[in-house]
Amino acid sequence: MIELQGRRVLLTRMEVAQAETQRHLGIIERQIATRAERLTITDRAKRRHHGRGASSWTNADERLFQEHVVKLTLARRGEIDALTRKLDRQEKAIAKCRTRHGVSAA
């Protein structure tokens, strides 16, 4: 049986790996949102001309933004799905480790 300190180290490593996977997934989501916003602003600038500093995000712009998000998410679907599956496996492994070794959640 693994000693108490060894269990804690193992669990900590698993939690760090899970946090890294969550961080990576968050980065991808932010990249998609940022890119969709840039595409929307570029499309909007081609259609309309506003004065300097004019901010007029319309409902049509929001719909266009959401369309871009969907398209970009679909393009990176494989990477997102793989990370989501990995995150699920990590969560299950951490729960199993806690149950097996009698360690409560931090």
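As a check on your grasp of the helix formula, calculate [θ] at 222 nm for the chain: sum -39500 (n - 2.57) over DSSP H runs of n ≥ 4, divide by the residue count, round to the nearest 500.
Mean residue ellipticity at 222 nm (helix-derived): -29000 deg cm²/dmol.
Residue-wise, which Karplus ³J(HN,Hα) couplings in Hz belong to segment 62-78, taking 6.51 cos²θ - 1.76 cosθ + 1.60, θ = phi - 60°, and x for glycine or proline?
Rounded to whole hertz, the list is 5, 5, 5, 4, 4, 4, 5, 4, 4, 5, 5, 5, 4, 5, 9, 3, x.
Express the carbon and sulfur contribution to the solvent-accessible surface of the chain as a percent, rounded to the nearest whole number, probe 1.4 angstrom.
Numbers: 4350 of 7830 Å².
The computed percentage sits at 55.
Under a 1.4 Å probe, what is the accessible area of the chain per residue, stated in Å²?
Per-residue value: 74 Å².
What distance in nm separates the two pseudo spin-label positions at R98 and E79, each 7 Å out from Cα along the beta-carbon direction?
3.0
The values are calculated or read from the model by the stated rules, or taken from the named source; none is laboratory data. This is a predicted model, so every value here is computed, not measured. Neighbour counts run over all protein chains shown; Cβ positions are idealised from the backbone, glycine included. SASA here: full protein model, heavy atoms, side chains in, ligands and nucleic acids out. Shrake-Rupley method; radii C 1.70, N 1.55, O 1.52, S 1.80 Å.
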